[in-house]
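The values are calculated or read from the model by the stated rules, or taken from the named source; none is laboratory data. Bear in mind that the values here come from a model prediction, so they are computed numbers and not experimental data. Glycine gets a Cβ as well: all are built from the backbone with ideal geometry, and neighbour counts include every protein chain shown.
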Amino acid sequence: MTSSKATKINLLNVKSIPIRTFWITSISFFMCFFAWFGIVPFMPDVVRDLGLTPDQKWNSIILAVSGTVFARLLIGKLCDKHGPRLCYTWLLILGAIPVILCGLVQTPIQFLICRLFIGFIGASFVITQVHTSLMFAPNIVGTANATSAGWGNLGGGANRLGMPLIAALVISFGVAEGDAWRYSMLVAGVICFFMGFVYYFFTQDTPEGNFKEIRKQNTIIEKKEEQVPFLTVLKDYRVWILFFVYAACFGIELTVYGTMDDYLQNTFQLKRVTAGNIVLSFALMNIFARTLGGYLGDKFGKLKGLRGRVLFLTFMLITQGIILTLFSSASNIVFGIMFLIMFSLSVQMAEGATFSVVPFINKKAIGIISGIVGAGGNVGAFLAALLLKYKSAVAEKMAIAANQGLEQELIVNAQAVASSIAVSNGYFQIGFIVIFIGGLSFFIKFSTRDEAVDVPIPNTLNKLEPIKIKN
């Protein structure tokens, strides 16, 4: 087959199949992340409405990223077999169900179950990376992957602004303010549901057509010996290094931004709205920062081959870790925001750099590898959240015990100070872990044959031979 992959990103050329797919997959990814973290701005309302305990609140955060781990591992293999178009269609339609149900819950247990299953739509990241890898040529695939992922990630920050706006809109129609969060989740779920139909009717698996149609039209079959077994992928050490790499960048970004609102309030005595706006502004850096990481990954690849991509990734991870340790020690708001800006830039560039390497590990199993690496991000978020939860919970309990009998306001202030110190210490430790993993990424190697890799495509369409028909 001759490939008609796009060799440049012309965003206005929507008649082009790769560009149209790029837009639809980016918007779908945005909506999935918007719905995934849509409840975050309303957590104080949810706590009051459902009577969540502090442990249940933390558990809801952990469950939301836990479900995604399994979904990402599964979806990569499904993409290789059935194609990203069908996988995304069903993920959007089925994933909308727990989002809608989240707006109907009445008990803490129901809420926690919905948070677990809502996390499954986080697997949208893997499909997006597979689909853009299928649509764009090697010279631009890093930039395409990073841009679609970055713009999709915006949904995780844009909900801080978008969900309150939806709530304000439904309140204007007479809905009680206490129920606004429920209707907001319903709206987000319905949008995801209809995006599934958009994906089905307006995209296709490759520039040449859908997987099923290509096989049927060309009367070709797949050579079984050319398939890459799942265990073979698991034995590739480079896949596991990238698993930890993505845990150290995307996983840490999820956890840091998930805890940053409280940290800024407790450490720098900022108001809740101010802290939320600061976190939102840094999340919006995904508009360009992740793209920049993918773009520079492609540039280093052009200069130094695949080794150049790895060296750039190593540099960005080590830089990210150093900056996080510096941020954890900042006691001045000016320096704190300065380091937070630098952290946002470096962590998102590291994410873009990661997926400028992933498509070249094994072109026959890009879906499986994307799923494993993507799952690494959620494992990192899960472990980092557990660390911060443990350190913060212990410190707050000690502060309450030490100030027993004092006025409630003094106890609350003591809790805030204890939490700030504990989380700061946690950020410091995480920063050194990121530096270590950055050094580990240096050992990703490619053979001469890898360096000559052509167009990365999944095993389902790779090396196909005609059916021999006897007369």
When Ser60 is evaluated against the numbered criteria (1) surrounded by fewer than 24 Cβ atoms within 10 Å (Cβ to Cβ); (2) out of contact with any Lys or Arg (no Cβ under 6 Å at 6 or more places or on another chain); (3) at pLDDT below 90, which criterion, by number, is the only one it fails?
(2)
Failed item in (1) surrounded by fewer than 23 Cβ atoms within 10 Å (Cβ to Cβ); (2) modelled with pLDDT under 85; (3) under 27 Å from Ala96 (Cβ atoms), with Ser3 passing the rest
(3)
Residue identified as outside any loop (DSSP other than H, G, I, E, B), modelled with pLDDT of 95 or more and over 24 Å from Gly83 (Cα atoms) among Leu169, Leu186, Leu165, Leu161:
Leu186
Odd one out for Phe211, checked against (1) more than 23 Å from Ala146 (Cα to Cα); (2) surrounded by 15 or more Cβ atoms within 10 Å (Cβ to Cβ); (3) modelled with pLDDT of 95 or more:
(3)
Hey, can you tell me all the residues within segment 22-37 that are in contact (Cβ under 8 Å) with a residue 60 or more places away in the chain and not small (Gly, Ala, Ser)?
Phe22, Ile24, Thr25, Ile27, Phe29, Phe30, Met31, Cys32, Phe33, Phe34, Trp36, Phe37
I need every pair where a residue in segment 132-150 that is within 12 Å of Gly297 (Cα to Cα) has its Cβ under 8 Å from the Cβ of a residue that is of a type in the set (Asp, Glu) and outside any helix (DSSP H, G or I), sequence separation at least 6 or different chains.
Pro138/Asp454
Could you list all residues from segment 172-190 that are of a type in the set (A, V, I, L, M, F, W, C), over 12 Å from Gly103 (Cα atoms) and exposed (fewer than 15 other Cβ atoms within 10 Å of the Cβ)?
Phe173, Ala176
Would you check if Arg48 is modelled with pLDDT under 90, farther than 26 Å from Gly376 by Cα and in a helix (DSSP H, G or I)?
yes
So, Ile109, is that one modelled with pLDDT of 95 or more, surrounded by fewer than 24 Cβ atoms within 10 Å (Cβ to Cβ), more than 19 Å from the chain's Cα centre (by Cα) and of a type outside the set (Asp, Glu) or not?
yes
Could you list all residues from segment 172-183 that are in a helix (DSSP H, G or I) and of a type outside the set (Ser, Thr, Tyr)?
Glu177, Gly178, Asp179, Ala180, Trp181, Arg182
Kindly evaluate Phe136 against the criterion of being in the same structural domain as Asp45 (by TED's automatic domain parsing) and surrounded by fewer than 24 Cβ atoms within 10 Å (Cβ to Cβ).
no
Within segment 139-158, restricting to residues that are surrounded by fewer than 24 Cβ atoms within 10 Å (Cβ to Cβ) and modelled with pLDDT of 90 or more, the one that is farthest from the chain's Cα centre (by Cα) is Ile140
Considering residues of segment 112-138 that are closer than 23 Å to Arg290 by Cα and of a type in the set (A, V, I, L, M) only, the residue farthest from the chain's Cα centre (by Cα)
Ala137
Out of all the residues in segment 352-371, is one or more under 30 Å from Ile61 (Cβ atoms) and over 19 Å from the mean Cα position of the chain (by Cα)?
no
I'd like to check something: does segment 300-308 contain any residue that is part of a helix (DSSP H, G or I), of a type outside the set (Ser, Thr, Tyr), free of Cβ contacts under 8 Å to residues at least 60 places away in the same chain and closer than 20 Å to Glu253 by Cα?
no
From the set of residues in segment 222-281 that are within 22 Å of the chain's Cα centre (by Cα) and polar (S, T, N, Q), which is nearest to Leu340 (Cα to Cα)?
Ser281
Let me confirm something: among Gly156, Gly174, which residue is closer than 28 Å to Phe282 by Cα and not assigned by TED's automatic domain parsing to the domain that holds Ala350?
Gly156
If only one of Thr232, Thr259 is among the hydroxyl-bearing types (Ser, Thr, Tyr) and over 30 Å from Val99 (Cα atoms), which one is it?
Thr232
Flag for Lys391 being closer than 30 Å to Ile62 by Cβ and basic (Lys, Arg)
yes
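The rows are residues; the columns are (1) under 27 Å from Leu387 (Cβ atoms); (2) charged (D, E, K, R); (3) surrounded by fewer than 24 Cβ atoms within 10 Å (Cβ to Cβ); (4) touching a helix residue (DSSP H, G or I) at 6+ places or on another chain (Cβ under 7 Å).
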{"site": "Val233", "(1), (2), (3), (4)": "no, no, yes, yes"}
{"site": "Val245", "(1), (2), (3), (4)": "yes, no, no, yes"}
{"site": "Gly258", "(1), (2), (3), (4)": "yes, no, yes, yes"}
{"site": "Leu264", "(1), (2), (3), (4)": "yes, no, yes, yes"}
{"site": "Val273", "(1), (2), (3), (4)": "no, no, yes, no"}
{"site": "Gly276", "(1), (2), (3), (4)": "yes, no, yes, yes"}
{"site": "Ser281", "(1), (2), (3), (4)": "yes, no, yes, no"}
{"site": "Arg290", "(1), (2), (3), (4)": "yes, yes, no, yes"}
{"site": "Phe300", "(1), (2), (3), (4)": "no, no, yes, yes"}
Go through (1) surrounded by 18 or more Cβ atoms within 10 Å (Cβ to Cβ); (2) not in a helix (DSSP H, G or I) one by one and return the number of the condition Met31 breaks.
(2)
On the given criteria, is Val198 assigned to a helix (DSSP H, G or I) and crowded, with 20+ Cβ neighbours inside 10 Å?
no
